[in-house]
Amino acid sequence: MLAIRTILHPTDFSPQAETAFELACALARDYDARLVVLHVRVPPPVIYGDGMMPLPAPDSHETLRQRLENLRAVDPSVKLERRFVDGPAVDEIVREAKETRCDLIVMGTHGWTGLSRLFMGSVAEGVLRRAPCPVLTVKTPRQTDKTVSSSPTKPASSTEAAKT
């Protein structure tokens, strides 16, 4: 059996990371492990040339730190530590995994494929390739249509089906 004493959860505060955080908390609780939550602030891309490309305004350093501090495990018995670093996401996640000697990384994945993955890169894939420990990637379930009809259809009985 895999001994899990330290779990690393990298977060970008996305819905995918939130789902992975919930699972990481449950695993930390069940294994009585410490949970290290890491946010890597990635520097904004540098744009060269005459063309102007609108970029979303990055969250401030303090805003990101506050979001990290606000993350709370549902179960108060979970031993939660928070880390905040700047740099390339994959490099910093792998570095933190080595430094904390984590036994498992639990991270969300955006599920990008094709050209979007080519252009955006895949942090999860990079971590999977370079991590010093097992990596559990968590895909957020799709939202299902929960609309219920006001008059549900009743399945036809065998006698009604025979009449048609």
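The values are calculated or read from the model by the stated rules, or taken from the named source; none is laboratory data. Worth saying up front: this structure is predicted, and the values here are computed from it rather than measured. Cβ coordinates were reconstructed from backbone atoms using ideal geometry, including for glycine residues, and neighbour counts include every protein chain displayed.
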*Take the residues of region 57-68 that are of a type in the set (D, E, K, R) and surrounded by 11 or more Cβ atoms within 10 Å (Cβ to Cβ): which is farthest from residue 32 (Cα to Cα)?*
59
*Restrict the check to region 85-94 and report whether at least one residue is surrounded by fewer than 16 Cβ atoms within 10 Å (Cβ to Cβ), modelled with pLDDT of 90 or more and assigned to a helix (DSSP H, G or I).*
yes
*Considering only region 1-30, state which residues are of a type in the set (Ser, Thr, Tyr), more than 17 Å from residue 74 (Cβ to Cβ) and surrounded by 18 or more Cβ atoms within 10 Å (Cβ to Cβ).*
6
